[in-house]
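Working notes for the structure below.
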Amino acid sequence: MDLDNHAKKRKDKRKLNEVNELEENSHKKSSSTLKREVEREVGDGAPAENELEPTKIVTPEKCNMGPSGLYLKIEIDVILMVLLVIAFWTRLYNLEEPRYIVFDELHYGRYVSLYTKGVFFFDAHPPLGKQLLYLAGRIGGYNGNFTFDRIGSPYSESVPIRALRMIPAMSGSLLVGVSYQLMLEISMYQWTAILAAVLVLFENCFLAQSRFMLLESIQILFGLCGIYCVIKSTYKNGTAAFVWLCIGAISLGCCFSVKYSGIYTYYLALFLVGRQMWRRVGHDESSLRLALSVCWRLLVLIALPLTVYIGVFYAHLTMLPKAGPHDSVMTSAFQASLQGGLASITRGQPLHVSHGSQITLRHSHGRTCWLHSHAHVYPVRYTDGRGSSHQQQVTCYSFKDVNNWWIVKRPDQASLAVTNPPDTIRHGDVVQLLHGITSRALNSHDVAAPVSPQSQEVSCYIDYNVSMPAQNLWRVEIVNRDSDDSTWDSIRSLVRLIHMDSGSALRFSGRQLPSWGFHQHEVVADKVVTHQDTIWNVEEHRYTKAEDRRERERELVSAEMIPTAATQLTFWAKFMELQYKMIAHAADAPTGHMFASEPTEWPLLARSIAYWLSPHSNAQIHLIGNLVTWYAASLSVLFYSGLLALYAVRQRRTCNDLPPQASQKFYNAGRGGKRACGSSDGT
């Protein structure tokens with residue numbers, strides 16, 4: 001028994017020694033392997049002897065090896081540097097030539113001058129691009145005193161031409177580099193990126209627009225930067241994805257804050273991120289994690305561009321506190337809030353509209369015009385054979401004029417003089433409106449309007465004694481009233497005038513009258529009383545003092561055509577009004593001039609756009625596309641789309657023409673990413 005136990009102990013001891021020996025040999029082998037790997041990493045790159053596996057073994061000891069400290073790793077893309085040098089040379093060389101106003105420098109130069117003087121102006125596009133031009137001019141020492149009168153006028157010595165053209169030139173130069181980087185992201189071949197950058201570098205349109213005080217190169221640069229950053233965010237994880245998407249969102253906000261056409265680039269970014277999230281729906285991922293990823297991306301893509309857009313307009317309104325030549329586009333309240341505008345002359349004039357008030361009624365939305373009448377009458381018959389009332393014309397006139405004055409009258413009072421205290425008009429009161437110069441009452445009846453026959457004609461009543469009695473009573477409805485007892489106030493009260501007999505509202509139809517109406521705009525009575533074109537406000541306002549008609553006429557003729565009282569509008573009130581005016585504004589672009597081309601001429605490059613013609617020589621500047629670039633790009637898109645459709649159909653029929661790796665490259669090139677866009681972001 002003792003012998004058996006002794007043998008068993010010796011056997012166990014021998015096994016233990018064998019295990020220890022194996023562990024020691026294994027440790028020595030690992031240390032030797034690790035030593036060879038370290039030597040190979042710091043050596044000349046040759047493989048170690050007897051190396052069987054190419055994969056490196058990473059151990060904690062290896063991660064901790066080497067001296068500690070800070071390291072700065074710099075990589076320089078020589079090709080990118082060469083492209084940028086050429087781009088800057090082609091865009092910046094001799095930038096101050098020609099020393100003449102070229103094309104739309106006429107408009108943007110005026111805006112820069114108005115920014116310099118703090119004078120309000122109106123434009124149909126957001127102001128960021130114009131603000132950047134102003135900043136460049138301010139750095140260059142521009143004083144804003146040059147008159148941008150016409151295309152081709154020479155610049156004076158006081159205008160820093162190079163500084164004003166610098167921002168577009170810099171943007172056009174950087175556009176080449178961004179195009180190169182963007183193509184590297186969506187393509188796996190550097191030669192493809194080089195080709196794209198070279199095409200942008202030598203594109204005639206980009207070159208011409210980059211060398212002058214224009215906004216296109218600025219907008220395109222912001223747009224491409226935004227798309228580049230959004231694409232990078234779609235395959236980054238965690239904080240990197242968030243940072244890249246934030247930078248992209250800010251760039252996209254800047255893009256459509258230069259011109260509204262940049263909104264289409266923003267839509268493309270939404271599509272790219274939406275596609276990324278859609279791909280992640282099919283992954284094995286928790287619903288909460290996916291919902292959080294969607295929410296923070298959506299928040300970034302909405303909040304940051306919107307913040308940029310609102311901030312640009314805040315700066316715009318802050319920089320332009322003074323009244324200017326474009327004030328008439330805005331409402332009376334907006335005008336009265338500007339320094340030196342309406343309020344500077346109307347200080348102390350009455351606020352409440354009363355019986356005997358002399359007023360002008362301004363159309364409050366869309367086109368700027370004032371309720372107007374004159375001694376001329378509607379024609380007996382219109383060109384379509386319809387008959388009219390042949391009464392005095394009522395129109396909406398786009399200019400200040402003595403015939404814009406009306407007198408508010410209580411129907412039961414004969415005197416037009418304002419009583420003491422004044423008989424204030426309130427919401428729901430019924431009044432008559434007498435035309436100030438002709439003393440005829442505003443009227444409507446069951447006669448078709450001249451240009452809008454579905455609505456009633458509005459006229460000033462003339463008693464022809466033909467069994468057509470006057471229907472000249474109107475009920476005042478204050479749209480923005482605080483209570484049903486609100487007073488009708490000048491400038492700030494928005495009112496509808498409801499015809500008592502028909503229930504129709506006085507409305508600006510937006511249509512132009514023929515030559516017999518002096519091409520002024522039509523005013524009708526419309527059954528749709530809630531339409532925005534039925535809203536008016538009192539702009540000019542004064543009290544009638546004289547009973548004699550001739551004396552009243554002298555008062556009206558001598559009255560200053562300026563509204564009544566100072567107003568204080570919040571930024572948000574101004575911002576919202578400006579947005580509406582920009583949307584409703586229709587620029588009257590001239591047609592048929594030497595600087596124009598038609599869309600039908602663009603695909604074939606049949607005609608260029610003349611930017612500038614020298615008055616002293618044959619020097620000219622024209623905008624026309626590069627034939628190679630335009631046709632190569634257009635044909636490439638068509639060719640790729642055809643192949644995409646072909647491969648999609650054949651793949652549907654289980655015909656795999658391309659190996660998996662080549663197929664992935666092909667689809668990635670068209671969808672804007674070189675990697676799978678469904679990677680987890682760690683949030």
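The values are calculated or read from the model by the stated rules, or taken from the named source; none is laboratory data. The shown structure was predicted, so the numbers you read here are calculated from the model rather than taken from an experiment. Positions of Cβ are generated from backbone atoms using ideal geometry, with glycine treated the same way; all protein chains shown enter the neighbour counts. Heads up: the accessible areas ignore ligands, DNA and RNA and are worked out on the full protein's heavy atoms, side chains in. Shrake-Rupley method; radii C 1.70, N 1.55, O 1.52, S 1.80 Å.
Of everything in the stretch 392-401 that is part of a strand (DSSP E or B) and of a type outside the set (A, V, I, L, M, F, W, C), the residue that is most open to solvent (accessible area, probe 1.4 Å) is Tyr397.
Here's the yes/no breakdown for (1) out of contact with any helix residue (DSSP H, G or I) (no Cβ under 7 Å at 6 or more places or on another chain); (2) assigned to a strand (DSSP E or B); (3) at pLDDT 85 or above; (4) on the phi < 0 side of the Ramachandran plot:
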{"residue": "Tyr580", "(1), (2), (3), (4)": "yes, no, yes, yes"}
{"residue": "Ala589", "(1), (2), (3), (4)": "yes, no, no, yes"}
{"residue": "Ala606", "(1), (2), (3), (4)": "yes, no, no, yes"}
{"residue": "His622", "(1), (2), (3), (4)": "yes, yes, yes, yes"}
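Within the stretch 623-651, the set of residues being of a type outside the set (A, V, I, L, M, F, W, C) and free of Cβ contacts under 8 Å to residues at least 60 places away in the same chain comprises Tyr631, Ser634, Ser636, Tyr640, Ser641, Gly642, Tyr647, Arg650, Gln651. Filtered by the rule that a residue be outside any strand (DSSP E or B) and touching a residue at least 40 places away in the same chain (Cβ under 8 Å), the stretch 519-528 gives Gln520, Lys527. For the stretch 479-493, the set of residues classified as farther than 15 Å from His541 by Cβ and aliphatic (A, V, I, L, M) consists of Val479 only. When you go through Asn443, Asn403 one by one, which is the residue that is touching a His at 6+ places or on another chain (Cβ under 6 Å) and in contact (Cβ under 8 Å) with a residue 12 or more places away in the chain? After ruling out the rest, the residue left standing is Asn403.
Per the listing Phe639, Phe666, the residue uniquely modelled with pLDDT of 75 or more, open to solvent by 50 Å² or more (accessible area, probe 1.4 Å) and not in a strand (DSSP E or B) is Phe639. The set of residues from the stretch 290-314 being farther than 15 Å from Ser233 by Cβ, of a type outside the set (A, V, I, L, M) and open to solvent by less than 80 Å² (accessible area, probe 1.4 Å) comprises Tyr309, Gly311, Phe313. The set of residues in the stretch 85-125 that are modelled with pLDDT of 95 or more and over 23 Å from Gly140 (Cβ atoms) comprises Val85, Ile86. Of all positions in the stretch 206-213, none carries a residue that is part of a loop (DSSP other than H, G, I, E, B), within 19 Å of Ala633 (Cα to Cα), at pLDDT below 95 and over 20 Å from the mean Cα position of the chain (by Cα).
Lys259 fulfils the conditions (1) open to solvent by 40 Å² or more (accessible area, probe 1.4 Å); (2) within 25 Å of the chain's Cα centre (by Cα); (3) among the basic types (Lys, Arg) except for a single criterion, (1).
The set of residues in the stretch 480-500 that are open to solvent by 60 Å² or more (accessible area, probe 1.4 Å) and without any contact (Cβ under 8 Å) to a residue 60 or more places away in the chain comprises Asn480, Arg481, Asp482, Asp484, Asp485. Considered as a group, the residues in the stretch 70-91 that are assigned to a loop (DSSP other than H, G, I, E, B) and open to solvent by 100 Å² or more (accessible area, probe 1.4 Å) include one that is nearest to Val198 (Cα to Cα), and that residue is Ile76. Cys246 falls short of the stated requirement of being modelled with pLDDT of 95 or more and open to solvent by less than 10 Å² (accessible area, probe 1.4 Å). Only residues that are surrounded by fewer than 19 Cβ atoms within 10 Å (Cβ to Cβ) and in a helix (DSSP H, G or I) were counted across the stretch 186-204, and they come to 8. If only residues of the stretch 418-440 that are open to solvent by less than 10 Å² (accessible area, probe 1.4 Å) and in a strand (DSSP E or B) are counted, the one that is farthest from Asp526 (Cα to Cα) is His435.
Of Leu164, Leu135, all but one fail to be surrounded by fewer than 15 Cβ atoms within 10 Å (Cβ to Cβ) and either touching a Leu at 6+ places or on another chain (Cβ under 8 Å) or in a helix (DSSP H, G or I) (or both); the exception is Leu135.
The set of residues in the stretch 462-479 being farther than 20 Å from Arg386 by Cβ and touching a strand residue (DSSP E or B) at 6+ places or on another chain (Cβ under 9 Å) consists of Pro469, Ala470, Asn472, Leu473, Trp474, Arg475, Val476, Glu477, Ile478, Val479.
Here Ser389 meets the list (1) surrounded by fewer than 21 Cβ atoms within 10 Å (Cβ to Cβ); (2) assigned to a loop (DSSP other than H, G, I, E, B) almost entirely, failing just condition (1).
The condition of being open to solvent by less than 20 Å² (accessible area, probe 1.4 Å) and closer than 21 Å to Ala169 by Cα holds for only one of Ala269, Ala208, Ala241, that being Ala208.
Just checking, does the stretch 214-229 include any residue being in contact (Cβ under 8 Å) with a residue 60 or more places away in the chain, touching a helix residue (DSSP H, G or I) at 6+ places or on another chain (Cβ under 7 Å) and not in a helix (DSSP H, G or I)? For the stretch 214-229, residues in contact (Cβ under 8 Å) with a residue 60 or more places away in the chain, touching a helix residue (DSSP H, G or I) at 6+ places or on another chain (Cβ under 7 Å) and not in a helix (DSSP H, G or I): present. Of the residues making up the stretch 216-227, those that are touching a Leu at 6+ places or on another chain (Cβ under 8 Å) and open to solvent by less than 40 Å² (accessible area, probe 1.4 Å) number 6. Within the stretch 192-212, residues that are closer than 14 Å to Trp630 by Cα sit with their Cβ atoms under 7 Å from residues that are open to solvent by 50 Å² or more (accessible area, probe 1.4 Å), at 6+ positions apart or across chains, in these pairs: Val200/Phe206; Leu201/Ile86; Asn204/Ile624.
When the test is whether a residue is assigned to a helix (DSSP H, G or I), modelled with pLDDT of 85 or more and of a type in the set (Gly, Ala, Ser), Ala573 passes it. Filtering the stretch 402-417 down to residues that are out of contact with any Ser or Thr (no Cβ under 7 Å at 6 or more places or on another chain), part of a loop (DSSP other than H, G, I, E, B) and not charged (D, E, K, R), which residue is farthest from Asn472 (Cα to Cα)? So, considering only residues that are out of contact with any Ser or Thr (no Cβ under 7 Å at 6 or more places or on another chain), part of a loop (DSSP other than H, G, I, E, B) and not charged (D, E, K, R), the one farthest from Asn472 (Cα to Cα) is Ser415.
Might you let me know whether the stretch 88-95 holds any residue that is more than 29 Å from the chain's Cα centre (by Cα) and at positive phi? Checked the stretch 88-95: at least one residue is more than 29 Å from the chain's Cα centre (by Cα) and at positive phi.
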